[in-house]
1. Restricting to region 178-195, what's the tally of residues that are of a type outside the set (S, T, N, Q) and assigned to a helix (DSSP H, G or I)?
2. Can you tell me which residue among Gly198, Gly175 is in a loop (DSSP other than H, G, I, E, B), closer than 17 Å to Ala256 by Cα and modelled with pLDDT under 95?
3. How many residues are in contact (Cβ under 8 Å) with a residue 12 or more places away in the chain and acidic (Asp, Glu) if we restrict to region 220-239?
4. Somewhere in region 232-239, is a residue at pLDDT below 95 and at positive phi?
5. Going by the conditions given, is Ala216 surrounded by fewer than 14 Cβ atoms within 10 Å (Cβ to Cβ) and part of a helix (DSSP H, G or I)?
6. Filter region 61-74 for residues that are modelled with pLDDT of 85 or more, surrounded by fewer than 18 Cβ atoms within 10 Å (Cβ to Cβ) and in contact with a helix residue (DSSP H, G or I) (Cβ under 7 Å, 6 or more places away or on another chain) and give the result.
7. So Ala101 ticks every box in (1) over 29 Å from Leu194 (Cα atoms); (2) crowded, with 22+ Cβ neighbours inside 10 Å; (3) among the aliphatic types (A, V, I, L, M) but one. Which box is left unticked?
8. Going by the conditions given, is Thr77 out of contact with any strand residue (DSSP E or B) (no Cβ under 6 Å at 6 or more places or on another chain), among the hydroxyl-bearing types (Ser, Thr, Tyr) and at pLDDT 85 or above?
Amino acid sequence: MCSTLGEKSELQIVGEDSDGLQALQRADELQPDLILLDIGLPSMNGIEAARRIRKLSPKSKILFVSQESSSDLVQETLALGALGYVVKSDAGKELLTAVEAVVQGRHYLSSGLSSQNRADATDTQAIRSLTQAASPIAGTEKKCIPRSHEVEFYSDDAAFVVGFTAFIEAALRAGSAVMVIATESHRKSLLQRLQEHGVDVAAAIEQARYVSLDVADALSTFMVNDLPDPARCLKVASDLVMEAGKTAQGGPPRVAVCGECAPVLCAQGKADAAIQVEHLWDEIARKHEVNILCGYVLNSFQAEQESRVFQRICEEHSAVNSAESATPARPSV
């Protein structure tokens, strides 16, 4: 695994142990950004180690890499707070993708897990989000509600592309259909980065599992006098989600949507319209089996007088995350 991780220059490997107790001690000493754990470790198994690591190094993100693929084990690791689980047989082609997703604070489940296991694990994630939801941004904690409508704040456009790429890649590998609603420059950058990561975007487009829409065109379908028409917005969004759901592979139809309709309005100074659009997309998240990620570049909220807008935006989402620049100090593993 270390050789695979070494392919990513932005990752800095700070320790390696083959014993559960040693891993626990090392985590306490180093407080790494990311910890990769196996389940079958001597002295202390990976699950017990993860349980203790969560207390000793609460900021460390945990990704399990194991030959075990039973539903019960996967659910238990996620219930403990692990963000990802990769079956070792898939590690060669999925490990780096999983690492990038988890570093960004997103869940990742190996494609080697059976459809039932994936469904069970997803249920576990949903239950955990209802009982342990917490925002990484102080003061934005939310009441737990059963839908997936997340917002992520990025330091710059490069970080935006990194975050959206991880979301899209994980969704496509999981068999979901993906809909991107973004600016032309972001759409081009996302396509390029996905291709660089080995994602067969051409095939996904041909299968209608990857749909990329221009945000200006999307807004024009439901904006009236600089405000969203609720009926039009809900119909347009519902129609798009339902159509995309027809192409999802395996299990119940699942659609992942990442976009910047509200962020674009916010950047144009149309804060009330942005908040209304977020509220309408929240209704879509509740009504349909869809995962939604909204992405904002933080310079939209630099002015102190816009703190109210920032708070209102956060309140319309089920989870609030922040991402650093795409070129920070290397994450420690």
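The values are calculated or read from the model by the stated rules, or taken from the named source; none is laboratory data. The structure displayed is predicted, hence computed values, not measured ones. Cβ atoms come from the backbone with ideal geometry, glycine included; neighbour counts cover every protein chain shown.
1. 8
2. Working: Gly198 fails: closer than 17 Å to Ala256 by Cα.
Of Gly198, Gly175, the one residue that is in a loop (DSSP other than H, G, I, E, B), closer than 17 Å to Ala256 by Cα and modelled with pLDDT under 95 is Gly175.
3. Qualifying residue count, region 220-239: 1.
4. Scanning region 232-239 turns up no residue that is at pLDDT below 95 and at positive phi.
5. Values: surrounded by fewer than 14 Cβ atoms within 10 Å (Cβ to Cβ): yes; part of a helix (DSSP H, G or I): yes.
Against the criterion (surrounded by fewer than 14 Cβ atoms within 10 Å (Cβ to Cβ) and part of a helix (DSSP H, G or I)), Ala216 qualifies.
6. Result: Gln67, single match.
7. All conditions are met except number (1).
8. No, not satisfied.
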